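Below is one structure, written out as structure tokens; the observations come after it.
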Amino acid sequence: MPRLLKTMSQEMSNSDHPRMLKVVFPLLRVAAYLLFLFFAAPLRVFGSYRVPRHGSLLVISNHISNTDPVVVQYACPRLIHFLARKELFDMGLLGRIIKWWGAVPIRQSSADKGAIKSAVQLLRDGQAVGIFPEGQLSPDGNLIELLEGTALIVRLSGAPCVCLGLRGSNKMMPCPSVIPRWAFASVQARWGEVKTFCKDSTTEEVMSWVEAELRSLTDQTLE
């Protein structure tokens, strides 16, 4: 274990994902599937053929459970750099793992210009970046207010965007729990269509599209 953690630390500075992670990624996906299956929460992914296998990509997902980063990464055929809550990076082994995975720390309490800059640079480098635009877990599974920082990343990077709608992950680990339970329901991840915005796109235009996509992919109607 110490040798593994040392190797992870040495590889954290690279903007690309570590070579070892790329090698074991298929095995980790299998392990994730089996773990969810153990808790009677089989993972089902729809529309993954829409996800570009190469080049910059911003993955935008709703957020209903602490398991969501695992579900999003399982659903995506390529490795993702997630924007993750800054406090998680100080949580021992978990912190080391998410650093090794290439996550970007972000402060939830304010507009984090540093995190936005890092995300934009990763996208310009041709990486895939994952973001939860709600900024926090939805307490009841319904989409809550979206933060406009997502639009800033879209406009500054010019990267293609794709939304992923999650359903059922809160059956296995309901908000705000970090302890899994028997779900007896599938966890579904549904991909939308890829879209690229021009530099002149407004914040309202970008966020309206994101909200409409996430509502459509999770079967939520706007009342």
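All of the numbers you see were taken from the coordinates with simple rules; none came from a lab. It should be emphasised that the depicted structure is a prediction, and the values quoted were computed from it without experimental measurement. Glycine gets a Cβ as well: all are built from the backbone with ideal geometry, and neighbour counts include every protein chain shown.
Normalise the Cα radius of gyration of the range 2-217 by 2.2 N^0.38 Å (N = residues in it) and let me know the number. Show your work: numbers first, answer last.
Values: Rg = 16.4 Å, N = 216, 2.2 N^0.38 = 17.0 Å.
Computed over Cα atoms of the range 2-217, the ratio equals 0.97.
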> What's the center-to-center distance, using Cα atoms, between the range 104-127 and the range 19-55 in Å?
Replying inline: 24
>> Rounded to the nearest 5, what % of DSSP beta bridges with both residues in the range 2-217 are antiparallel?
In response: 25
> Can you tell which of PRO18, ALA189, GLY55 lies farthest toward the positive end of the dipole of the range 2-217, using +1 and -1 charges on the Cβ of basic and acidic side chains (Lys, Arg; Asp, Glu)?
Replying inline: PRO18
>> Can you tell me the length gained on complete extension of the stretch ASP219 to LEU34, counting 0.36 nm per residue apart and subtracting the Cα distance?
In response: 63.9 nm
> Normalised by the number of residues in the range 2-217, what is the relative contact order in percent for Cα pairs under 8 Å and 6+ residues apart?
Replying inline: 29
> Among TRP101, ALA84, VAL129, which residue has its Cα positioned farthest towards the positive end of the charge dipole of the chain, with +1 placed on the Cβ of Lys and Arg, -1 on the Cβ of Asp and Glu, and the dipole taken about the Cα centre?
Replying inline: TRP101
> Along the charge dipole of the range 156-223, Cβ charges K/R +1 and D/E -1, which of GLY165, THR203, LEU214 sits furthest on the positive end?
Replying inline: GLY165
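Using the alpha carbons of the range 166-223, what is the convex hull volume per residue in cubic angstrom, as a whole number?
Dividing the Cα hull volume of the range 166-223 by its residues yields 120 Å³.
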> DSSP H helices in the chain with Cα extent of 20 Å or more along the helix axis and mean Kyte-Doolittle hydropathy at least -0.5?
Replying inline: 19-38, 203-217
> Say the cut-off is 25 Å between C-alpha atoms; which of LYS117/LYS195; LYS22/LYS113; LYS22/LYS199; LYS86/LYS117; LYS113/LYS199 go over it?
Replying inline: LYS22/LYS113; LYS22/LYS199
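Can you compute the charge dipole magnitude of the chain about its Cα centre, using +1 on each Lys and Arg Cβ and -1 on each Asp and Glu Cβ, nothing else charged? Give it in debye, rounded to the nearest 20. Could the numbers behind the result be given before it?
On the way: 25 positive and 19 negative charges, 213 e Å.
It comes to approximately 1020 debye.
Based on the Cα atoms of the range 92-168, what semi-axes does the equivalent ellipsoid have, where each is the square root of 5 times one gyration tensor eigenvalue, given in whole Å with the largest first? Can you show the working numbers first?
Working: eigenvalues 80, 63, 36 Å².
After scaling each eigenvalue by five and taking roots: 20, 18, 13 Å.
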> Where does each of THR221, THR196 land when they are ranked from fewest to most other beta-carbon atoms within 10 angstrom?
Replying inline: THR221, THR196
